[in-house]
């Protein structure tokens, strides 16, 4: 072969390889968030098309996003393992459960991209006889979005362990029923169903307490501290195959958090627009002004879940430290 022809072929092959590399990452990313204020950063990212913005800046072209609204750790984990999701916001316990089950399984292994939010879960009741956890009877039913592994389920167990002793962490489990937060609000306020209590996050906790018949029994932050409640995670294989897109997502989340800090009114308006929950602008701004409600990508208190879930037998494989659950970029953070 003539040397000049060979050189042209090498150059052409190099150009093809370069073009392939530039377009090797996914052209579409499927993401889910839940209903409440804990998912606000993802709602801002969705509303302002921040992932698309950062993906284009990273040279990935016009990346498409597909957004789903899912609630409950089991539902989200099933969707992820079925290949219907790429990235999801989820309660920390649900993520830890899946990480433990899938650890070391190449196509199922998951990794955290960072924390999502911190707030307080309130256990509200319509039963005037209930003043504390000790007052619940078999006639009472506590609504949570998923039995055993949902955020509400595990945090309720952690609160029960503080109240009744570590060995009695599951004391309230027989009283729990699986019901999505929006449906649970309606059931509790109606007073016409078996639901006499609801362990929930903002805005649902706030909506319920507007009714004078509803009282708050427990505030989780006063029992457990201000720990991360929700995180963002993905299948590890997706992260490994899409490093630029993953970074674009993480950068978009940081921008969303900065926007929430800077513009409370705009953030509140975004929540109402995306969630379609019927509340006033002032009510949402009040929730965002609550010092217990924070948005940060640095995990805080993840070790509390790991320790508790390990002792309870909910997870078999336990990380030696919190950072093993997340991408290496977070390892230097002052998380816990």
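The values are calculated or read from the model by the stated rules, or taken from the named source; none is laboratory data. Quick caveat: nothing in here was measured; it's all calculated off a predicted structure. Positions of Cβ are generated from backbone atoms using ideal geometry, with glycine treated the same way; all protein chains shown enter the neighbour counts.
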| Residue, farthest from residue 293 (Cα to Cα), within the range 240-250, restricted to residues that are more than 17 Å from the chain's Cα centre (by Cα) and assigned to a helix (DSSP H, G or I) | 241
| residue 185 vs. criteria in contact with a helix residue (DSSP H, G or I) (Cβ under 9 Å, 6 or more places away or on another chain), closer than 26 Å to residue 46 by Cβ, modelled with pLDDT of 95 or more and not assigned by TED's automatic domain parsing to the domain that holds residue 79 | yes
| request: Looking only at the range 188-204, count how many residues are over 20 Å from residue 135 (Cα atoms) and under 24 Å from the mean Cα position of the chain (by Cα). | output: 4
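For (1) modelled with pLDDT of 95 or more; (2) touching a strand residue (DSSP E or B) at 6+ places or on another chain (Cβ under 7 Å); (3) buried (at least 23 other Cβ atoms within 10 Å of the Cβ), each residue gets a yes or a no:
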residue	(1), (2), (3)
161	yes, no, no
164	yes, no, no
173	yes, no, no
193	no, no, no
196	yes, yes, no
223	yes, no, no
245	yes, yes, yes
261	yes, no, no
| Residues of the range 120-137 being assigned to a loop (DSSP other than H, G, I, E, B) and either over 16 Å from residue 193 (Cα atoms) or in contact with a helix residue (DSSP H, G or I) (Cβ under 9 Å, 6 or more places away or on another chain) (or both), which ones? | 120, 121, 126, 127, 129, 130, 131, 132, 136, 137
| Within the range 32-87, how many residues are without any contact (Cβ under 8 Å) to a residue 12 or more places away in the chain and either buried (at least 16 other Cβ atoms within 10 Å of the Cβ) or under 18 Å from residue 256 (Cα atoms) (or both)? | 1
